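None of the figures in this text is laboratory data; all of them are computed from the coordinates on show. Source: prediction; values computed, not measured. Because the Cβ atoms are built from the backbone with ideal geometry, glycine has one as well, and the counts that use them run over all protein chains shown.
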């Protein structure tokens, strides 16, 4: 890890809309940093994707989230003018958000029992990346 | 306050959908930290709740927000498969977000005149918690 | 720049709904800070505006975002009670978010190729402001 404590992970997505659990990868970055207290800033450098926290137990939850967003924000809308035809994905990206800051406490992510961290693919399948920046407490 | 400058507050909610003003509690945590410049990271460790900033003056605003979200993201939808029956709350949580970073300047939250910080309950009533991590400037 | 490394920029908006590219202003604040590694916290002190990251190339994307949000979250709704008549803008503000934390690496914003930072006006035209807080790595 460099002095900026910045790492990058790759995320391969397999369908157009998909929430992919990346909790393990983020946790691994925190563990290997040796940082005990601080936070972990996640950043998605794409405009048709996002990052969120939601339920880690029943996969029906993330399936319901993507299905509902697809129904309400459909691929085609008579008002869309963007020539690439993926305006729905850009809208979902803005509504979900592209960054997230998770607290690190006692050397681990401070997540609730049912929380997992998800990379949100809205215009896949693609090869994506996500930055993880570990920020130790300044003391 | 411990070396991680991390505190936890409890939020008791009284209805299924509700925005609860927690500005005073957050401000209190900032004041008691003695930190003059930095930021204040708020984190909700739940998957059917969130945290947001919105108008602090007219309570009709937060009522309009929850009523509109309930109309557009209803409790029941023919597409929902999650057996707990609260997929609407999970969707609202992802759209609202579960963390927020507020600037601390001159020992206080740097909020706009009309801004208040709200805990967003989407599947209450429940006993909830929220983490507050004070981050002083590193100098 | 003061010891809190906090600056404020003004944003003049010209229509009710509008996404305004502020990437250059944010980049300038980062450059003039001399900070090489860290992050840049953006904060909107308004309750009918927001800040987001989205496509910087084709202006049809931001036009599609605002047009779609206006269609789904209209100015008038039979359920709205807030007397100022701008509840739609408050809802859009909560869904977009009022803060954003962007990584600084090698002295510049770590954005994806197609990413730009946008001030989101939902109840203009108005004179708005946005805070930029540069946070260097704590070392």
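Observations on the model:
- Exactly one residue out of C:49, C:29 is under 27 Å from residue A:136 (Cα atoms), more than 8 Å from chain B (Cβ to nearest Cβ) and touching a strand residue (DSSP E or B) at 6+ places or on another chain (Cβ under 6 Å): that is C:29.
- Test: residue in the range C:69-85 that is over 19 Å from the mean Cα position of the chain (by Cα), outside any loop (DSSP other than H, G, I, E, B) and either within 12 Å of chain B (Cβ to nearest Cβ) or surrounded by fewer than 20 Cβ atoms within 10 Å (Cβ to Cβ) (or both): yes
- Residue match in the range B:92-112 (condition: over 23 Å from residue A:41 (Cβ atoms), surrounded by 24 or more Cβ atoms within 10 Å (Cβ to Cβ) and touching a residue at least 12 places away in the same chain (Cβ under 8 Å)): yes
- Residue C:35 meets each of the listed conditions (1) within 13 Å of chain B (Cβ to nearest Cβ); (2) buried (at least 22 other Cβ atoms within 10 Å of the Cβ) apart from (2).
- Residues that are touching a helix residue (DSSP H, G or I) at 6+ places or on another chain (Cβ under 9 Å), assigned to a strand (DSSP E or B) and at the interface with chain A (Cβ under 8 Å from one of its Cβ atoms), drawn from the range C:88-119: C:102, C:115
- Close Cβ contacts (under 6 Å, 6 or more residues apart or on different chains) running from residues in the range B:41-70 that are free of Cβ contacts under 8 Å to residues at least 40 places away in the same chain to residues that are in a helix (DSSP H, G or I) and buried (at least 22 other Cβ atoms within 10 Å of the Cβ) comprise B:61/C:90; B:64/C:87; B:68/C:91.
- Any hit, the range C:53-60, residues being within 14 Å of chain B (Cβ to nearest Cβ) and surrounded by fewer than 18 Cβ atoms within 10 Å (Cβ to Cβ): no
- Residue B:21 being in contact (Cβ under 8 Å) with a residue 40 or more places away in the chain, surrounded by fewer than 19 Cβ atoms within 10 Å (Cβ to Cβ) and more than 10 Å from chain A (Cβ to nearest Cβ): yes
- Against the conditions (1) outside any strand (DSSP E or B); (2) under 30 Å from residue C:38 (Cα atoms); (3) touching a helix residue (DSSP H, G or I) at 6+ places or on another chain (Cβ under 8 Å), residue C:123 satisfies every one except (2).
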